[in-house]
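Participant: Sharing a structure here in structure tokens format.
Since every read-out is calculated from the coordinates, none of them should be taken as a lab result. Bear in mind that the values here come from a model prediction, so they are computed numbers and not experimental data. Here the Cβ positions follow ideal geometry from the backbone for every residue, glycine too, while neighbour counts run over all protein chains shown.
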Amino acid sequence: MPTLINPQMMRQVIMDHYEHPRNKRIPKDDRYLKIHMDSASCIDDIYVYLLVENGIIKDCCFDGVACTISTASASIMTELVMGKTLKDALYIIKQYTAMIHEEKYDDSVLDEAIVFMNTAKQAARIKCATIGWDGLEELIHESEGEKHDHR
Amino acid sequence: MYNLKKIRSDFPMLDGKTMQGHPLVYLDNAATTFKPKAVLKAIEKYYTEYTANAHRGDYDLTHTVDVKFDEARQTVADFINAKKEEVVFTSGTSMSLNMVAYGWGAKYLKKGDEILLTQAEHASNVLPWFKVAEMTGAKIGYIPLDAEGRLTVESLRKTITDKTKVVAVAHVTNVLGFTVDIKALAKLTHEFGAIIVVDGAQSVPHLKTDVKDLDCDFLAFSGHKLCGPTGIGVLYGKYALLQKTDPFMTGGGMNARFDMCGEVSYLQPPLKFEAGTQNIEGVLGLAAAIKYLQNIGLDNIASHEHELRVYAISEMKKLDNVILYNERAEAGIITFNLKGVFGQDAATYFNSRGVAVRSGNHCAKILLTFLNTSNTLRASIYLYTSKEDVDALIDACKKGGDFLDAYFN
């Protein structure tokens, strides 16, 4: 991703990931961890799946019905964390979440995910931009053995 | 003459507010409504001129509150042509429907009895009945909707049986806005010895409602959808039925006497349903809202809404990117989608243009299988909605294909 990215390109990236979401599939392997994320405040209703081997994200995918922002952000997320260590993945999630909430963040690890930098303009959609990421974060903690109660 | 300018000036929320840098266009009146100054004044007056509890004391202030509270109940009763003692104050439609389901349904329904609903019901008129069915062994059945999504008396005739004990339906459905012929349904329901419970949340604010004429057994509605405060609503019930219904909550203000052996005698309806200190500001605000609407005239409001709806539909039909789901509905509810745009994305785009519409399944989740879509947009109008508001909606529909503008402009 070039450092100078214009809004037109950002829109294209979002639409591309919405219309052709990457890793949008249901794995047929029962070793995957799975989490259901739905929201009372919107319609998004997605599942995130994670396969970890030796501390490395071997596969991450998602499925479900969701708006453009949540679909595209989940799609970009799966590509971004693929092959990463759990620690690196958590670092990326943290930077992304900081960006969405307009806090200081390290953009060097976010690649295409920076297209969501304007999400706070539509505050009602912050939840959409983070729903997949929140799910993945919980799955990572789960795989690390700290069972978090999900709502 | 319908003086829209004067009406709009009564609402502080319409005094030039903006959203995302655009004049606010509020088209989510099926969710909640703005409040006129008269309602705010009534609430303020209670807190600045005669604060005291109701039914509690022997001094002038509390007597004043009692009188006002009683007058408010009479105002509500007159509004729906009920008797004062048939009007129970609740926190809103959901609580009213729960009171019927638990206080009447759970007490009288038995295994094998049947509760009839429709796919178009709001969650508030579905989930309490699911729970009661689970508790009593009664069964849930659905009265089929016709191809357009309407509930007809013919359809009920085909579905109702001797086992049917409750028919629970909305007078105006919250997603499709069709008006149901409650009077005909009530007549048929009573022929089978069942009761009819009416969800009036979307009808009472817009249509002149006469419970005697409808002959419904229970009617539930909310204050905040008719320009009143949140947290106040009404359960109307025929008096004999209210007497047979158990209180949902027990506590102060609803018992006549009780002793240490557990002997309790409850007050008569409606007081037996009103345990604890009531939402006094809500009751007084509700009465002020009703008077405000009556002053303008429910029929005038209905014809204003109708005129705007007809205009909106004719404009929307000119656009080839709009899918309409309820073109022929009576109520001021317009349910639609923009072709190829997920409802939530469209709603966010509308927000960026200052237009407030609702996206989603509108708490009627089982309807979506009927409509064959996972979500819709809903624009809903009320007495203060203007032609300019509708124009802003149409304009946003035209450009809605570029919905990511919401983030980048």
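Participant: Show that you can apply the helix-only estimate: for the protein assembly as shown, add -39,500 (n - 2.57) for every DSSP H stretch of four or more residues, divide by all residues, and state [θ] at 222 nm to the nearest 500. Could the numbers behind the result be given before it?
Facilitator: Numbers: 19 runs with 212 residues, N = 560.
Rounded to the nearest 500, the figure is -11500 deg cm²/dmol.
Participant: Now a separate question. Kindly flag which residue pairs out of B:Lys208/B:Lys272; A:Lys24/A:Lys84; B:Lys110/B:Lys183 have an alpha-carbon separation exceeding 24 Å in this structure.
Facilitator: Going by Cα-Cα distance, B:Lys208/B:Lys272; B:Lys110/B:Lys183 fall outside the 24 Å limit.
Participant: Rounded to a whole number, what is D in µm²/s for the protein assembly as shown from Stokes-Einstein with the Kirkwood radius over alpha-carbon pairs (10 °C, 1.306 mPa s)?
Facilitator: It comes out at roughly 61 µm²/s.
Participant: In whole angstrom, and with the biggest value first, how far do the Cα coordinates of chain B range along each principal axis?
Facilitator: Ordered largest first, chain B gives principal extents of 71, 55, 39 Å.
Participant: Note down the nm distance, to one decimal, between modelled labels 7 Å out along Cα→Cβ at A:Glu79 and at A:Asp111.
Facilitator: 0.7
Participant: Long-range amide H contacts for B:His55: which residues qualify at under 5 Å (H placed 1.01 Å from N, peptide plane, sequence gap of 5 or more or a different chain)?
Facilitator: Result for B:His55 returns B:Asp66.
Participant: Packing-wise, with mean Cβ within 10 Å as the measure, how do B:87-97, A:59-69 rank, highest first? Walk me through the intermediate numbers first.
Facilitator: Details: B:87-97: 24.8, A:59-69: 23.2.
The densest-packed peptide leads the list: B:87-97, A:59-69.
Participant: Using a Förster distance of 25 Å, how high is the FRET efficiency between A:Ala123 and A:Lys94, based on the Cβ-Cβ distance and rounded to 0.05?
Facilitator: Once the sixth-power term is evaluated, E becomes 0.75.
Participant: OK, next. If neighbour count is taken as other Cβ atoms inside 10 Å, put B:Val197, B:Val76 in order from fewest to most.
Facilitator: Final ranking by Cβ density, sparse to dense: B:Val76, B:Val197.
Participant: Work out from phi, with θ = phi - 60° and the Karplus expression 6.51 cos²θ - 1.76 cosθ + 1.60, the ³J(HN,Hα) of each residue of region B:157-164, listed in order in whole Hz, and give x for Gly and Pro.
Facilitator: 4, 6, 9, 5, 9, 5, 7, 5
Participant: Could you give the angle, 0 to 90 degrees to the nearest 10, between helix A:7-19's Cα long axis and the longest principal axis of the Cα atoms of chain A?
Facilitator: With both axes taken from Cα atoms, the answer is about 40 degrees.
Participant: Next question. Provide the net charge surrounding B:Val211, with neighbours chosen by a C-beta distance below 12 Å and charges set as Lys +1, Arg +1, Asp -1, Glu -1.
Facilitator: Within the 12 Å Cβ shell, the charges total -1.
Participant: Hey, another quick one. Determine ³J(HN,Hα), in whole Hz, for all residues of region B:299-308 in sequence, where each value follows from phi through the Karplus function 6.51 cos²θ - 1.76 cosθ + 1.60 and θ = phi - 60°; x replaces Gly and Pro.
Facilitator: Couplings: 5, 5, 4, 4, 6, 4, 4, 4, 4, 5 Hz.
Participant: Can you give the average number of partner chain beta-carbon atoms within 10 Å of each beta-carbon in peptide B:400-407, as a whole number? List each step's numbers first, then the result.
Facilitator: On the way: counts 0, 0, 1, 4, 12, 2, 6, 16.
Average per residue, whole number: 5.
Participant: What order, most packed first, do the peptides A:43-50, B:68-75 have when packing is the mean number of other Cβ atoms within 10 Å of each residue?
Facilitator: Sorting A:43-50, B:68-75 by mean packing, highest first, produces A:43-50, B:68-75.
Participant: Let me know the Rg and Dmax you get for region A:7-143 when you use only its Cα atoms, in Å.
Facilitator: Reported Rg and Dmax, both Å: 13.8, 41.
Participant: Per residue of B:338-348, what is the mean number of Cβ atoms on other protein chains within 10 angstrom of that residue's Cβ? Write down the numbers at each step before the final one.
Facilitator: Details: counts 0, 0, 1, 2, 10, 3, 11, 9, 2, 6, 9.
Average neighbour count from other chains, rounded to a whole number: 5.
Participant: Between B:Ala331 and residues 5 or more places away or on another chain, which pairs have amide H atoms under 5 Å apart, with H built 1.01 Å from N, and which residues are they?
Facilitator: B:Thr179
Participant: What list of ³J(HN,Hα) values in whole Hz, one per residue of region B:317-332 in order, does the Karplus curve 6.51 cos²θ - 1.76 cosθ + 1.60 (θ = phi - 60°) give from phi, with Gly and Pro shown as x?
Facilitator: So the J values, rounded to whole Hz, are 5, 6, 8, 8, 9, 10, 9, 9, 9, 9, 3, 9, 5, 8, 7, x.
Participant: Then there's this: Taking H placed 1.01 Å from N in the peptide plane, check which residues at least 5 places from B:Leu24 or on another chain put their amide H under 5 Å from its amide H.
Facilitator: Long-range HN contacts for B:Leu24: B:Lys17, B:Thr18, B:Met19.
Participant: Return A:Ile26, B:Ile301 ranked ascending by Cβ neighbour count within 10 Å, so the fewest neighbours appear first. If you can, show how the numbers build up before the last one.
Facilitator: Numbers: A:Ile26 12, B:Ile301 23.
Sorted ascending by nearby Cβ count, the order is A:Ile26, B:Ile301.
Participant: Separate question: Please order B:Met19, A:Met10 by the number of other Cβ within 10 Å, starting at the fewest.
Facilitator: Sorted ascending by nearby Cβ count, the order is B:Met19, A:Met10.
Participant: Return the aspartates and glutamates within reach of B:Lys83: Cα separation strictly under 14 angstrom, same-chain partners fewer than 8 residues apart disregarded; answer none if there are no such residues.
Facilitator: Here the aspartates and glutamates satisfying the reach criterion relative to B:Lys83 are B:Asp70, B:Glu71, B:Asp210, B:Asp213, B:Asp215, B:Asp217.
Participant: Hey, got the average number of other protein chain Cβ atoms within 10 angstrom for residues in A:66-72?
Facilitator: 5
Participant: Rounded to the nearest 0.05, what FRET efficiency do B:Asn295 and B:Lys387 give with R0 = 25 Å and r taken as the Cβ-Cβ distance? Could you check?
Facilitator: In this case the efficiency is close to 0.65.
Participant: Would you calculate the separation in nanometres between label points at B:Asp215 and A:Asp29, each defined as 7 Å from the Cα along the Cα-to-beta-carbon direction?
Facilitator: That separation, rounded to one decimal, is 6.7 nm.
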